[in-house]
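Heads up, the thing below is written out as structure tokens.
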Amino acid sequence: MASSNYYFVIVGHADQVVYEVELGGSTGQTVSASDNRHLNQFIAHAALDLVDEAMWRNTTTYLKQVDKFNEWTVSAYVTAGGLRFLFLYEHLPRTGEDGLKNFLTEVYETYVKLLLNPFYVPDKPIRSGAFDKKVQTIARKCIL
Amino acid sequence: MADFGKHVGVRILDLFFLRNGKDKREVRLTPMLVFIQKTFWKFLFNREADHLEQHAQEAKIYYIIERECLVNKFISVPKDKGTLNCASFVAGIVEGILCTSGFTCKVHALQGPRGTTYVIDFAQSVMDRESRLDAK
């Protein structure tokens with residue numbers, strides 16, 4: 001039983017994780033939770049290559065589905081600044097593709113507001129609690 | 001000076017996309033430079049940059065030329081600081097924009113007879129990627 005339904009990660013220019021979060025889902029055992037977390041990271045990294053290929057061919061920012069791994073689908077959003085947002089899901093969220101696109105756009109907005117902070121160095125991991133809360137709120141609004 | 005500009009440049013690109021609701025990124029070199037010269041310059045200075053040229057022998061060097069740079073308008077450089085050029089701030093902005101969208105480069109500002117010239121020197125990896133995308 002999967003302990004979370006969606007996994008969202010922001011990957012920086014050097015392929016490092018800038019921010020990651022697990023959203024939604026019912027409670028599960030702690031063992032399967034950590035298993036799933038490793039699997040999610042693995043799937044996300046594998047999908048990065050495909051995103052890189054796609055981002056140099058496509059000028060659109062939202063790349064719908066770049067990869068499928070067993071039952072997990074990976075969707076990507078590439079920002080103007082070359083940052084990659086990856087979203088893993090088993091089933092489409094109840095609000096569908098549009099909800100997902102809205103979620104990614106709003107997280108992008110929140111990210112830009114964070115970026116404008118002169119104390120934040122781009123590509124460094126995001127540790128702000130406020131950013132975290134914001135992402136959770138957006139998730140609740142758009143996809144959960 | 002250029003470092004300040006770079007600091008601004010990496011942020012301003014995303015901000016611009018957000019504010020103008022654009023969702024088409026530029027992936028090729030020439031459209032990107034044209035975008036910087038026209039749209040971006042207008043966004044920053046309410047005017048387009050005057051010329052965009054490529055170096056005759058070296059394909060990886062481009063020039064953006066402006067007759068009158070806003071930043072330099074009211075600055076007079078004393079004799080002992082002869083090499084100071086405030087247009088390096090703008091050069092830093094351009095470098096920030098290009099580097100953060102995946103076109104690694106170095107940008108220098110020079111003062112010439114035709115006005116302020118920004119020399120953009122792209123990394124070899126960018127040129128390789130361009131030729132790979134051209135071939136496909």
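Each value in this text was obtained by applying a stated rule to the coordinates, not by laboratory testing. Not measured: the values here are computed from a predicted model. In this analysis, Cβ positions are derived from the backbone assuming ideal geometry, glycine residues included, and neighbour counts consider all displayed protein chains.
Observations, loosely collected:
- Among the listed pairs A:Lys141/B:Lys6; B:Lys42/B:Lys106; A:Lys124/B:Lys6; A:Lys101/A:Lys134; B:Lys6/B:Lys42; B:Lys38/B:Lys106, those with a Cα-Cα distance over 25 Å are A:Lys141/B:Lys6.
- Length released on extending from B:Glu48 to B:Lys106, taking residue separation times 0.36 nm less the Cα-Cα span: 18.7 nm
- Residue-count net charge about A:Cys142 - beta-carbon cut-off 14 Å; Lys, Arg +1, Asp, Glu -1: +1
- Across segment B:35-46, rounded Karplus estimates of 3J(HN,Hα) from the backbone phi angles (6.51 cos²θ - 1.76 cosθ + 1.60, θ = phi - 60°) give 4, 5, 5, 8, 4, 5, 4, 5, 5, 7, 10, 6 Hz, Gly and Pro being marked x.
- Remark: the A:Lys124-A:Thr95 segment gains 7.3 nm on full extension, using 0.36 nm per residue and subtracting the alpha carbon distance.
- Long hydrophobic helices in chain B, taken as whole DSSP H segments with a C-alpha length of 18 Å or more on their own axis and mean Kyte-Doolittle hydropathy at least 1.6: B:87-100.
- For a paramagnetic label modelled on B:Tyr63 (point 7 Å from Cα along Cα→Cβ), amide N atoms under 16 Å away belong, within segment B:96-136, to B:107-122.
- For B:Ser101, net neighbour charge (Lys/Arg +1, Asp/Glu -1) across residues whose Cβ lies under 10 Å away: -1
- Size of electric dipole in chain A: Cβ of Lys, Arg +1 and of Asp, Glu -1, about Cα centre, debye, nearest 20: 480
- Placing pseudo-labels 7 Å out from each Cα toward the beta carbon at B:Arg114 and B:Met1 gives an inter-label distance of 2.1 nm.
- Sum of -39500 (n - 2.57) over DSSP H runs of 4+, divided by residues of chain A (222 nm, nearest 500): -15000 deg cm²/dmol
- Counted residue by residue at 0.36 nm each, then reduced by the alpha carbon distance between them, the extension gain from B:Met127 to B:His55 reaches 24.5 nm.
- Inter-chain neighbour count for A:120-130: the average number of beta-carbon atoms from partner chains within 10 Å of each residue's beta-carbon is 1.
- Chain B: most fluctuating residue of B:Lys106, B:Lys38, B:Lys22 per GNM, C-alpha cutoff 10 Å: B:Lys22
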